[in-house]
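K.L.:
The structure is given below, and queries will be raised subsequently.
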Amino acid sequence: MEDKVLRKLFLGFIHIHILHHAKDHPIYGVWMVEELREHGYTISPGTLYPILHSMEADGLLSKEDVNMDGKIRKYYTTTVKGAEVLVEARKKAYELFKEIND
């Protein structure tokens, strides 16, 4: 039960993390899985890719297909809307951190 609750909470953090990195440079799924792992998130590609697709459908990310040695790699970048959401998410996260850290 506890794992399920934490997983739901961490999914929001993962969304913010994706927006943050996709704003700095184009990201792709395998790289993002590794980046999240470095921060203690265990997420499979089967979980990440639907998140990326959903964020793209919501207008938060744009996707570019790039041919890499005969394979298509999908690169995601934060859109203007995604950048605006990231600004708001950072404000809310900062306020929450200040509140729970005191």
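Quick note: the coordinates plus some simple rules give every number you see, no bench work behind them. Since the structure is predicted, the reported quantities are computational estimates derived from the model, not experimental observations. Neighbour counts run over all protein chains shown; Cβ positions are idealised from the backbone, glycine included.
K.L.:
Considering His21, His15, which residue is part of a helix (DSSP H, G or I), touching a strand residue (DSSP E or B) at 6+ places or on another chain (Cβ under 6 Å) and surrounded by 11 or more Cβ atoms within 10 Å (Cβ to Cβ)?
P.N.:
His21
K.L.:
Right, something else. Could you list, in sequence order, the residues of segment 75-89 that are touching a Leu at 6+ places or on another chain (Cβ under 8 Å) and not in a loop (DSSP other than H, G, I, E, B)?
P.N.:
Passing the criteria: Tyr76, Thr77, Thr78, Lys81, Gly82, Ala83, Val85, Leu86, Ala89.
K.L.:
Would you check which residues across segment 26-42 are part of a loop (DSSP other than H, G, I, E, B), out of contact with any Ser or Thr (no Cβ under 7 Å at 6 or more places or on another chain), touching a residue at least 12 places away in the same chain (Cβ under 8 Å) and within 21 Å of Ala89 (Cα to Cα) and list them?
P.N.:
His39, Tyr41, listed by residue number.
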